[in-house]
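The values are calculated or read from the model by the stated rules, or taken from the named source; none is laboratory data. Keep in mind the model is a prediction, meaning the values are calculated, not measured. Ideal geometry is used to build each Cβ from the backbone, glycine not excepted, and the neighbour counts take in all protein chains shown.
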Amino acid sequence: MLENQGSINTNSDDKPHEECGIVGAFVPGESVARTAFFGLFALQHRGQESAGIATSVGDKIHLKARMGLVSQVFREETLTGLPGHLGIGHTRYSTMGGSTDYNAQPLLASGQRGEIAVGHNGNVINAADLRIEMAEEFGSKFIKTSDTEVIAELFAKAPGSDWFEVSAYAMRRLKGAYSLVIMTKNQLIAVRDPLGIRPLCLGTLNGGYVVASETAALDNLGADFVRELENGETLIIDENGIESKIWSGARKPHAMCVFEQIYFARPDSILNGELAYETRQRLGAEVYREHPVDADIVVGIPDSSTPHAVGLAAEAKIPYTEAIIRNRYVGRTFIQPDQRSRDQGVQTKFNPMRGVIAGKRLLVVDDSIVRSTTITRVIKMLRRAGAKEVHVRVASPPIKSTCHFGVDMATLNELIAANKTVEEITEYIGADSLAYLSVEGLLRAVRAPENSYCTGCFTGNYPIPVQLEMNKMGFEATQNV
């Protein structure tokens with residue numbers, strides 16, 4: 001079984017790992033399994049561990065979910081076996097619970113309103129307490145090890161005369177981040193948490209509706225973007241159209257994870273009303289204004305740092321050059337890694353163009369540094385290619401705290417900025433100079449209103465109280481609770 005083998009993500013071995021991607025569709029007269037498939041395909045960057053789709057024609061819920069990439073899980077015959085004009089889809093990177101088939105989403109749950117399927121992006125920080133409470137209150141039995149099962153059981157068993165009341169009840173009890181797609185046999189429900197930490201948007205398609213984590217998924221489907229969901233908003237979509245309510249306890253300014261702007265979302269997605277690519281250009285420009293340096297060329301670490309580097313180059317009036325070529329066919333593999341394959345990761349992923357680099361002073365732009373493994377190897381690679389100087393500018397602040405809301409950010413022990421000064425990091429990675437964007441510069445670049453965006457991984461200040469560190473495998477030891 002794939003989930004029992006070791007895995008190495010050669011795409012982003014030193015980046016905050018993506019959370020999850022969700023999509024939901026209610027399009028009368030169409031087979032939405034394909035809609036969900038192509039929506040998930042556009043969201044594959046948000047999670048590469050498992051994928052799943054649930055559909056209904058109005059009688060019962062059909063489900064297919066297992067480990068693997070979207071293109072590995074679904075074939076033509078699989079999609080044909082998922083009939084219906086109503087469906088939801090999910091692609092997962094585990095942030096709570098193990099990477100196994102039984103945690104692949106959507107998850108099913110049953111209650112007084114019948115069977116539901118749930119897909120979740122985020123992290124519920126009081127899930128362990130809720131498991132105990134719900135076992136006593138509702139007689140819930142938990143057989144999986146993810147916080148999504150807690151959410152599914154809560155929505156299935158919660159009191160309420162309609163889904164708006166159920167959602168309000170759930171919001172009062174859930175703490176943390178959760179963008180949700182939920183389906184019954186004849187309704188699609190979309191929920192964004194009261195803090196608005198994880199993104200969720202609405203579009204129209206062929207007389208029906210689509211919801212997705214990012215607008216890039218809507219674009220991939222040919223859907224028309226309508227708007228982003230509000231904090232604490234619940235949408236109900238069925239044959240009668242669409243209804244919306246915002247929970248009275250929702251926070252007015254959002255607390256969206258600022259890493260959506262820096263790295264997670266596709267650059268062609270709209271976040272908080274602006275194109276992510278343009279926001280990232282401003283991040284690059286801002287870090288150069290704060291920390292200028294003389295150089296011959298600006299180089300971005302492809303592909304995630306390209307817009308930041310383009311923005312910095314324009315501000316610095318230094319030519320932007322593609323000096324590093326990325327092997328775009330390197331993706332996630334489930335091959336058991338050994339030390340040699342780990343060490344060779346950067347060489348597999350990147351190749352320097354010596355004729356462009358040799359004898360030049362390079363200004364290398366990265367969007368973030370977590371453990372520093374990638375940037376260290378890139379600098380060594382550039383020096384071997386003949387770089388005269390290597391100056392590094394990071395278009396985000398130093399990551400000094402872990403994430404509690406759906407991002408696998410590494411432990412405090414692994415975060416280099418939590419354990420070393422900038423001067424020590426500069427020496428450690430072998431750069432001639434290193435500078436990070438300030439928190440104030442970050443907020444200017446994302447055009448953040450006061451108290452908006454969660455910046456906890458940089459500042460240690462979170463929108464709600466959290467414990468110092470959380471163990472994403474915490475439920476594994478209590479699987480049968």
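Would you check if SER305 is among the hydroxyl-bearing types (Ser, Thr, Tyr), closer than 30 Å to LEU69 by Cβ, modelled with pLDDT of 95 or more and in the same structural domain as VAL439 (by TED's automatic domain parsing)? Taking the combined requirement at face value, the residue satisfies it. There is no residue in the stretch 223-243 that is crowded, with 20+ Cβ neighbours inside 10 Å, among the basic types (Lys, Arg) and in a strand (DSSP E or B). Show me the helices (runs of 4 or more DSSP H) entirely contained within the stretch 23-92 in which 2 or more residues are farther than 23 Å from ALA109 by Cα, touching a helix residue (DSSP H, G or I) at 6+ places or on another chain (Cβ under 7 Å) and aromatic (Phe, Trp, Tyr). Because the criterion is at least 2 residues that are farther than 23 Å from ALA109 by Cα, touching a helix residue (DSSP H, G or I) at 6+ places or on another chain (Cβ under 7 Å) and aromatic (Phe, Trp, Tyr), the helices (runs of 4 or more DSSP H) in the stretch 23-92 that meet it are 32-42. On the given criteria, is TYR288 at pLDDT 95 or above, part of a helix (DSSP H, G or I), over 18 Å from LEU43 (Cβ atoms) and of a type in the set (Ser, Thr, Tyr)? Yes: the conditions hold for TYR288.
Just one of (1) surrounded by 19 or more Cβ atoms within 10 Å (Cβ to Cβ); (2) modelled with pLDDT of 95 or more fails for GLY430. It is (1). Selection of the stretch 286-300 for residues being surrounded by 21 or more Cβ atoms within 10 Å (Cβ to Cβ) and either closer than 23 Å to THR376 by Cα or hydrophobic (A, V, I, L, M, F, W, C) (or both) yields VAL287, TYR288, ALA295, VAL298, VAL299, GLY300. Taken over the stretch 351-382, the residue count meeting the criterion of being in a loop (DSSP other than H, G, I, E, B), within 17 Å of PRO397 (Cα to Cα) and among the aliphatic types (A, V, I, L, M) is 2. Applying the set (1) surrounded by fewer than 18 Cβ atoms within 10 Å (Cβ to Cβ); (2) assigned to a loop (DSSP other than H, G, I, E, B) to PRO199 leaves exactly one unmet item: (1).
Residues to consider are GLY176, GLY114, GLY119; find the one that is under 18 Å from the mean Cα position of the chain (by Cα) and under 18 Å from ILE237 (Cβ atoms).
Values: GLY176 fails: under 18 Å from ILE237 (Cβ atoms); GLY114 fails: under 18 Å from the mean Cα position of the chain (by Cα).
The conditions single out GLY119.
From the set of residues in the stretch 96-126 that are at pLDDT 95 or above and of a type in the set (A, V, I, L, M), which is nearest to LEU69 (Cα to Cα)? Applying the filter and picking the extreme gives LEU107.
Scan the stretch 448-481 for residues that are among the small types (Gly, Ala, Ser) and modelled with pLDDT under 50 and report the count. I'd like the intermediate steps shown before the answer.
Going through the stretch 448-481, the residues among the small types (Gly, Ala, Ser) turn out to be 448, 452, 456, 460, 474, 477.
Filter once more, keeping what is modelled with pLDDT under 50: 474, 477.
Final tally of qualifying residues: 2.
Against the definition (at pLDDT 95 or above, at negative phi and in the same structural domain as TYR209 (by TED's automatic domain parsing)), how does MET134 come out, yes or no? So MET134 fits the description; yes. Restricting attention to the stretch 140-183, the residues that are buried (at least 18 other Cβ atoms within 10 Å of the Cβ) and part of a loop (DSSP other than H, G, I, E, B) add up to 8.
When ALA36, ALA54, ALA42 are checked against the criterion of being closer than 17 Å to CYS201 by Cα and either touching a residue at least 60 places away in the same chain (Cβ under 8 Å) or assigned by TED's automatic domain parsing to the domain that holds THR411 (or both), ALA42 stands alone in meeting it. Only a single criterion out of (1) within 26 Å of ALA25 (Cβ to Cβ); (2) assigned to a helix (DSSP H, G or I) is not satisfied by LEU130, namely (1). Any residue in the stretch 247-265 that is in a loop (DSSP other than H, G, I, E, B) and surrounded by fewer than 23 Cβ atoms within 10 Å (Cβ to Cβ) sitting within a Cβ distance under 9 Å of a residue that is aromatic (Phe, Trp, Tyr) and modelled with pLDDT of 95 or more? List the pairs, counting only those 6 or more apart or interchain. Sorted first by the residue in the stretch 247-265, then by its partner, the pairs are TRP247/PHE164. Residues that are without any contact (Cβ under 8 Å) to a residue 40 or more places away in the chain number at least 3 in the following helices (runs of 4 or more DSSP H) confined to the stretch 420-470: 422-429.
Just checking, which of ILE369, ILE375, ILE335, ILE325 is under 22 Å from ALA313 (Cβ atoms) and at pLDDT below 95?
Details: ILE369 fails: at pLDDT below 95; ILE375 fails: at pLDDT below 95; ILE335 fails: under 22 Å from ALA313 (Cβ atoms).
Result: ILE325 is the single residue among ILE369, ILE375, ILE335, ILE325 that is under 22 Å from ALA313 (Cβ atoms) and at pLDDT below 95.
Conditions tested, residue by residue: (1) at pLDDT 95 or above; (2) crowded, with 24+ Cβ neighbours inside 10 Å; (3) touching a strand residue (DSSP E or B) at 6+ places or on another chain (Cβ under 6 Å).
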site: GLY355; (1), (2), (3): yes, no, no
site: LYS380; (1), (2), (3): yes, no, no
site: VAL390; (1), (2), (3): yes, yes, yes
site: PRO398; (1), (2), (3): yes, no, yes
site: HIS404; (1), (2), (3): no, yes, no
site: ASP408; (1), (2), (3): no, no, yes
site: ILE416; (1), (2), (3): yes, no, no
site: LYS420; (1), (2), (3): yes, no, no
